[in-house]
Each structure stands twice: as structure tokens, then as C-alpha cells.
Amino acid sequence: MKTHKNMKTEQDEKELVTVKSTDLLECLFTEIELKTLSNELACKIIEKTELETKKKSALSDFTGKINNMKAEINLLANKINTGKEYRNVNCIITMNSPSTGLKTAQRLDTKENIWTDEMTAEELQTEMSFDTPIKSQDVSNEK
């Protein structure tokens, strides 16, 4: 299409209209922005390390508690399974019983004789020095 200088084309007749818009475009960081991001990254690394340390500590704490519980469970199961346990029980040892040169141990709680053994050379000496001599009537009063 030919135009003269005084003639306007269709494009010239349209008004120019501008509209604002936002587009996602690549932008290079400034030095200040890079420094800010670097500081933020360093802080996040420290926070992550602290959380991992707390996690390990909590995990270790719970692992210890679980292991303690397992030990208690095993101990209780063993007691139930065997129907018994070992305890410190007060006993008396009677020298020259049931005969001369022998000694007998008796439980004070059940009065059961638990063992008889030969007296040692020291025990056979006429002057015996035990920690606490027990009189016969003191033994019968204990339970």
C-alpha cells in the first residue's frame, strides 16, 4: 500500500496504550543482596546443626530409657519364669552341729538348714572370736 506524506496509515490512527504487568524474569544479585543471603545461609546451617544435635541427644536419651525398660522387663520375666530370686537373708551358723567339727547354717526367716560344712582350723580353736556372739534365746526371737 502506498502512502503519501499527508496520509495516515491504520497504525498511526490507533492510540498507544500501555498496561502495567509483572513477569518472572532473571535478575542478578547485587553485592549487598549476596552478602545478606550468605549471612542467612550461615544462620540456617547453624540452626540445622543445633537441631541435629538436639535430635541425637533426644534419641540417645530415649534409647537409654528403652534399654533400661528392656532390662527391667527381662528381670521381671525371669522372676516370674523361675518363681524365685536371690536375696540377702539373715542366717546363723551353729558350730559343732550336727556333730563335733561340723557347722550348720540356718535361715532365720524359715528356720531351714541351708548347708552343713566342716569347721576350719581357726573355728576349731577353743577360743573363738566372732564379731557378735548370739545367745540361743536371741536366735529364737528373730524372724
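The values are calculated or read from the model by the stated rules, or taken from the named source; none is laboratory data. What you see is a predicted model, and the numbers here were worked out from it, not measured in a lab. Cβ: placed from backbone, ideal geometry, glycine included. Neighbour counts: every protein chain shown.
This table checks each residue for (1) at pLDDT below 90; (2) more than 15 Å from Asn90 (Cβ to Cβ).
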{"position": "Ala105", "(1), (2)": "no, no"}
{"position": "Thr110", "(1), (2)": "no, no"}
{"position": "Met119", "(1), (2)": "no, yes"}
{"position": "Met128", "(1), (2)": "yes, yes"}
{"position": "Ile134", "(1), (2)": "yes, no"}
{"position": "Asp138", "(1), (2)": "yes, no"}
Search result, residues across segment 105-124 that are assigned to a helix (DSSP H, G or I), surrounded by 11 or more Cβ atoms within 10 Å (Cβ to Cβ) and of a type in the set (Asp, Glu): Glu123
Among residues of segment 76-104, those that are exposed (fewer than 10 other Cβ atoms within 10 Å of the Cβ) and among the aliphatic types (A, V, I, L, M), counted: 1
